[in-house]
Structures are given as structure tokens and as C-alpha cells.
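Contents: one structure, followed by commentary.
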Amino acid sequence: MTDLQILLQFQNPPCLLLSDDLVRFAADQRNPCPRGWFQFNSRCFMFVKTARTWPNAEYLGANLASVHSYEEFQFLQAVVLVATGSFPLTWIGGFDAVQDRLWFWSDGSKFDHESWAEGEPNNRNGAREPCIQINFAENGWNDESCGKSYPSVCSIRTCLILQTVN
Ligand SMILES: [Ca+2]
Ligand SMILES: [Ca+2]
């Protein structure tokens with residue numbers, strides 16, 4: 001009988017360490033995400049309850065989540081809702097290089113979607129607000145000072161490679 005060896009690679013460095021848990025979940029094609037992570041297209045997302053500053057919010061080597069469609073944004077909100085029962089202010093991976101004019105995602109992906117709350121981004125009271133949080137006002141995005149502490153949503157990219165081993 002042929003054994004299937006499943007290798008999990010996470011394209012965003014640094015890689016997560018493989019564990020039996022990860023391999024077992026990877027074996028289930030319907031849910032290639034590690035335990036506690038939720039799949040949307042080719043990425044896995046997780047809510048991190050611990051409040052951290054935006055720069056400290058990286059978790060297990062993952063990136064803060066980038067968002068590339070309104071559907072993906074709604075999915076992120078659902079991940080937060082499932083974990084908390086509400087819509088708390090939560091960091092995602094967006095930040096600006098030129099105040100409110102040039103935005104980037106911390107995972108290096110293209111900044112091709114935005115869902116700002118009304119009046120945002122606004123650098124409130126003249127403060128520099130370079131980092132993006134979700135669930136602000138009518139559950140849209142807000143630019144906020146990166147040194148404030150909030151929970152976060154992070155993501156990893158999955159790349160399943162199935163290899164047949166004798
Ligand atoms: Ca700003
Ligand atoms: Ca703001």
C-alpha cells in the first residue's frame with residue numbers, strides 16, 4: 001500500500017514548524033489549515049485575542065492579515081465574531097508609507113482593496129495614524145496609531161504538496 005507523505009509549506013517566511021497536528025489537518029483537503037485557523041481561498045486566518053501593538057502583533061511567524069476583497073473582509077469579521085461573539089477593534093496588516101496616500105500590506109501583497117469606515121482614514125486630532133484596524137464605527141476600517149494595543153487577525157498562505165512515497 002502506498003503511503004502519502006504530506007509536506008506542508010507556508011510560503012511566507014518564517015515557516016511554521018510541522019507538527020503531527022498540522023500534518024493531520026493538512027491531510028483533510030476540506031480544511032488544509034492548522035487547528036484553530038480558518039480557510040479562505042489559499043490562506044488560513046486566525047484571531048489572536050492577546051492585545052498587542054501593531055508591530056508586536058505578528059504571531060507564530062504569520063503575518064497580520066491582508067484583505068483583497070469585500071468578501072474576504074466579511075470572512076475576517078466572521079473569524080473575529082466566532083472567537084469573541086462581537087466585533088472588537090482588531091489589527092490587520094495594512095499600513096501607510098506616505099500618510100494616507102500610499103498603503104501597503106505587511107505580507108507584501110498588493111493593496112487592491114479597502115473598506116474604510118466613513119471619514120477614515122483621518123489621522124484623528126492631527127496624530128500620525130499609519131496602521132489599519134477593522135470593526136471601527138459601522139464595522140469599517142480605521143487608521144490608528146500603531147503603538148496602541150489591540151487583538152489581531154493573522155494569516156498564513158498554504159501550499160499543499162502531496163508526494164507519493166514507497
Ligand atoms: Ca493615516
Ligand atoms: Ca483614524
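The values are calculated or read from the model by the stated rules, or taken from the named source; none is laboratory data. Every value quoted in this text rests on a predicted model; they were computed, and no experiment measured them. Neighbour counts run over all protein chains shown; Cβ positions are idealised from the backbone, glycine included.
Residue by residue, here is whether (1) of a type in the set (Val, Ile, Thr); (2) part of a strand (DSSP E or B) holds:
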| residue | (1), (2) |
| --- | --- |
| HIS68 | no, no |
| GLU72 | no, no |
| LEU76 | no, no |
| ILE92 | yes, yes |
| ASP100 | no, no |
| PHE104 | no, yes |
| GLY108 | no, no |
| HIS113 | no, no |
| GLY119 | no, no |
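Being closer than 17 Å to GLU138 by Cα and touching a Cys at 6+ places or on another chain (Cβ under 9 Å) narrows it down to one residue among TRP116, TRP54, TRP91; which is it? I'd like the intermediate steps shown before the answer.
Working: TRP116 fails: touching a Cys at 6+ places or on another chain (Cβ under 9 Å); TRP54 fails: closer than 17 Å to GLU138 by Cα.
Unique residue meeting the criteria: TRP91.
Return the residue satisfying two criteria in turn: it lies in region 90-102 and is closer than 21 Å to PRO151 by Cα and within 11 Å of ligand 1 (Cβ to nearest atom), and of such residues it is surrounded by the most Cβ atoms within 10 Å (Cβ to Cβ).
GLY94
Suppose the filter is at pLDDT 95 or above, within 13 Å of ligand 1 (Cβ to nearest atom) and on the phi < 0 side of the Ramachandran plot; does ASP143 pass it?
Working: at pLDDT 95 or above: yes; within 13 Å of ligand 1 (Cβ to nearest atom): yes; on the phi < 0 side of the Ramachandran plot: yes.
Yes.
Can you name the number of the only condition in (1) within 25 Å of CYS44 (Cα to Cα); (2) in a loop (DSSP other than H, G, I, E, B); (3) within 9 Å of ligand 2 (Cβ to nearest atom) that GLU129 fails?
(1)
Could you tell me which residue of region 111-125 is surrounded by the fewest Cβ atoms within 10 Å (Cβ to Cβ), considering only residues that are within 8 Å of ligand 2 (Cβ to nearest atom) and at negative phi?
Once the filter is applied, the top-ranked residue is ARG124.
Does ILE156 qualify as being modelled with pLDDT under 95 and in a strand (DSSP E or B)? First the steps, then the outcome.
Working: modelled with pLDDT under 95: yes; in a strand (DSSP E or B): yes.
Judged against the criteria, ILE156 is a match.
Restricting to region 54-71, name every residue that is under 23 Å from GLU129 (Cβ atoms) and charged (D, E, K, R).
Kept after step one, since they are under 23 Å from GLU129 (Cβ atoms), are these residues of region 54-71: 54-59, 63-68, 70.
Hit for region 54-71 is GLU58, nothing else.
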